[in-house]
Amino acid sequence: MALFRKRWLTVVALLVMVSVTTAIAFIVRASLESSCDCRLYTTNQKRYNSSPESAKPIGVAVTQNPLSFMKSRLVLLVSHELSLSGGPLLLMELAFLLRGVGAEVCWITNQRPSETNNVVYSLEHKMLHRGVQVVSAKGQEAIDTALKADLVVLNTAVAGKWLDAVLKEQVPQVLPKVLWWIHEMRGHYFSLDYVKHLPYVAGAMIDSHVTAEYWKNRTQERLRIKMPKTHVVHLGNSNELMEIAEDSVAKRILREHVRESLGVRNEDILFSLINSVTRGKGQDLFLRSFYESLQIIQERKLQLPSIHAVVVGSDMTSHSKFETELRNFVISRKIQNYVHFVNKTLTVAPYLAAVDVLVQNSQARGECFGRITIEAMAFQLPVLGTAAGGTQEIVTNGTTGLLHPVGKEGIMPLAKNIVRLATHVERRLTMGKKGYEKVKETFLERHMEERIAGVLKDVLQKAMEHQRT
């Protein structure tokens with residue numbers, strides 16, 4: 001009984017200690033979160049002047065965030081959808097950058113599914129956690145928000161349908177403060193149903209020079225409308241991704257984990273295409289090139305570690321005909337042991353840490369920009385890309401990667417480039433280092449912030465001038 005009492009008293013004491021600790025933590029947390037925005041500045045305080053003067057180290061210059069002028073501004077972001085594709089994720093990143101400087105940000109998804117799926121739920125929860133208000137695409141709240149906003153950003157050409165469908169007769173009041181962010185390179189987006197209001201907005205923002213030129217020519221020739229003032233803004237890698245890319249220990253752990261899950265050895269050479277599995281992204285032509293590269297290695301009797309193709313972006317739940325074709329091709333060529341399909345994911349860093357070469361094989365006019373390309377370069381990966389679209393503005397052929405033609409004409413050149421990088425380790429590593437250097441010079445988050453800041457200042461100035469007149 002004495003032993004039982006002693007143990008019972010010990011348990012009670014521990015419970016009291018935990019209760020007190022919890023209470024203290026709750027009080028401290030409550031005091032820290034008394035301001036609705038304070039937790040959103042955590043990341044920016046590491047880089048920007050958002051701490052008290054007394055906390056600044058003496059003699060150390062503090063850089064001001066180039067977007068700081070957006071503090072307290074109301075910004076409405078309108079996306080055509082909410083998914084793991086490039087456009088919505090870029091707009092989300094802009095939302096977080098604006099929240100980081102104290103802007104009030106509202107988000108509208110025009111084509112939101114009637115039943116919330118896991119992806120939509122996860123992304124909306126992430127935005128709400130970061131202080132972004134999610135507003136219904138239709139109804140009076142959406143109209144009121146658009147009218148009150150200092151800036152409205154339409155994301156992708158398809159988002160233009162939201163204007164007439166919701167704002168109706170109030171469209172002319174909103175257009176002078178609209179920035180239209182365009183990512184598309186496909187011809188079917190050049191429809192007046194989408195872009196008839198494009199000439200009247202304050203400005204357009206496009207991710208590459210080649211895409212901007214394409215839109216300028218196509219709108220004039222096909223639609224007989226004129227583009228507004230157009231700003232070309234190359235994207236940049238997030239600070240979070242760069243932290244992982246520059247952490248050798250984290251990269252090694254991720255590399256070992258992913259390779260173990262794929263069943264490949266550390267010395268094997270992995271070529272990866274990371275994109276949504278669709279015909280336009282060129283996974284079919286990549287796998288044909290990969291098969292041809294295996295044939296070349298066998299014919300030349302090259303002594304190499306095993307080479308593997310990793311296709312990240314798979315989604316067999318959709319039962320797409322194209323993905324079935326890919327898997328059937330792999331089976332018919334008996335290369336199942338060398339080709340790996342990975343489900344689409346929001347987190348690409350583990351796969352960038354695990355592979356040796358990125359393949360950017362987008363077809364037709366290529367990628368508008370191709371964010372995954374600069375992310376791979378941050379991980380010191382050489383890039384095998386199509387000589388089309390924004391890829392040509394990122395990859396320096398022969399220095400940071402190798403380019404090949406689009407279409408079937410590119411199958412054998414890509415196959416030969418795969419063999420070339422598989423057989424020349426030093427060249428592969430040198431290209432990767434050169435790519436990393438280019439990222440540090442041009443494609444960081446602060447570079448993107450500076451470029452976007454210039455655009456937003458111009459659009460806000462035009463909106464103010466229109467309001468005065």
- Task: Among Leu403, Gly263, Gln380, pick out the residue whose Cα is farthest towards the positive end of the charge dipole of region 239-443, where Lys and Arg carry +1 and Asp and Glu carry -1 on C-beta, about the Cα centre.
- Result: Leu403
- Message: Using amide H atoms built in the peptide plane, which far-off residues or other-chain residues are under 5 Å from Gln360 H to H?
- Response: Leu384, Gly385, Thr386
- Message: List the residue ranges in the chain for DSSP H helices whose C-alpha atoms run 30 angstrom or more along the long axis and whose Kyte-Doolittle average is 1.0 or above.
- Response: 2-32
- Note on the structure: Treating only Lys and Arg (+1) and Asp and Glu (-1) as charged, each at its beta carbon, one finds that region 318-417 has a dipole about its Cα centre, in Debye to the nearest 20, of 340
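Can you give me the % of accessible surface on the chain that is carbon or sulfur? Probe 1.4 Å, all protein chains present, nothing else counted. Don't skip to the answer; put the middle values down first.
Values: 12360 of 23240 Å².
Accessible surface attributable to carbon and sulfur in the chain totals 53 percent.
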- Item | Solvent exposure of region 358-469 as accessible area per residue, Å², 1.4 Å probe | 40
- Task: Enter the accessible area of Lys226 (Å², nearest 10), with the probe set to 1.4 Å and all protein chains included.
- Result: 140
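With 22 Å as the limit, write out which pairs from Lys177/Lys229; Lys334/Lys416; Lys408/Lys433; Lys126/Lys161; Lys408/Lys438 have Cα-Cα distances beyond it, or answer none. Walk me through the numbers on the way to the answer.
Values: Lys177/Lys229 13 Å; Lys334/Lys416 20 Å; Lys408/Lys433 30 Å; Lys126/Lys161 26 Å; Lys408/Lys438 30 Å.
In this structure, Lys408/Lys433; Lys126/Lys161; Lys408/Lys438 lie more than 22 Å apart at Cα.
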- Taking a straight Cα-to-Cα line shorter than 12 Å from Lys196, and setting aside same-chain aspartates and glutamates fewer than 8 residues away, one finds Asp164
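Before anything else, pin down the relative contact order of region 239-443: Cα pairs under 8 Å, at least 6 apart, normalised by residue count, whole percent.
Averaging sequence separation for qualifying contacts and normalising by length gives 24 percent for region 239-443.
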- Item | Leading residue at positive end of dipole, the chain (Cβ point charges), from Leu74, Ser248, Pro88 | Ser248
- Item | Cα-centred dipole magnitude for region 239-443, charges only on beta-carbon of K, R (+1) and D, E (-1), debye, nearest 20 | 580
- Taking DSSP loops as anything outside H, G, I, E and B, show the longest stretch in the chain free of GluC sites (Glu not before Pro) there with at most 10 other beta carbons within 10 Å. 268-469
- Query: How do Asp207, Asp150 stack up against each other in accessible area, from largest to smallest, with a 1.4 angstrom probe?
  - Reply: Asp150, Asp207
- Item | Helical contribution to [θ] at 222 nm, DSSP H n ≥ 4, -39,500 (n - 2.57), averaged over the chain, rounded to 500 | -14000 deg cm²/dmol
- In debye to the nearest 20, the charge dipole size for the chain, taken about the Cα centre with +1 at each Lys and Arg Cβ and -1 at each Asp and Glu Cβ, equals 340
- What list of ³J(HN,Hα) couplings, whole Hz, do you get for region 305-310 from phi and the Karplus terms 6.51, -1.76, 1.60, once you set θ to phi - 60° and write x for glycine and proline? x, 4, 9, 10, 10, 10
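The values are calculated or read from the model by the stated rules, or taken from the named source; none is laboratory data. Quick caveat, the model's predicted, so the values are computed rather than measured. Positions of Cβ are generated from backbone atoms using ideal geometry, with glycine treated the same way; all protein chains shown enter the neighbour counts. Note: areas computed on protein heavy atoms with side chains; ligands, DNA, RNA excluded. Shrake-Rupley method; radii C 1.70, N 1.55, O 1.52, S 1.80 Å.
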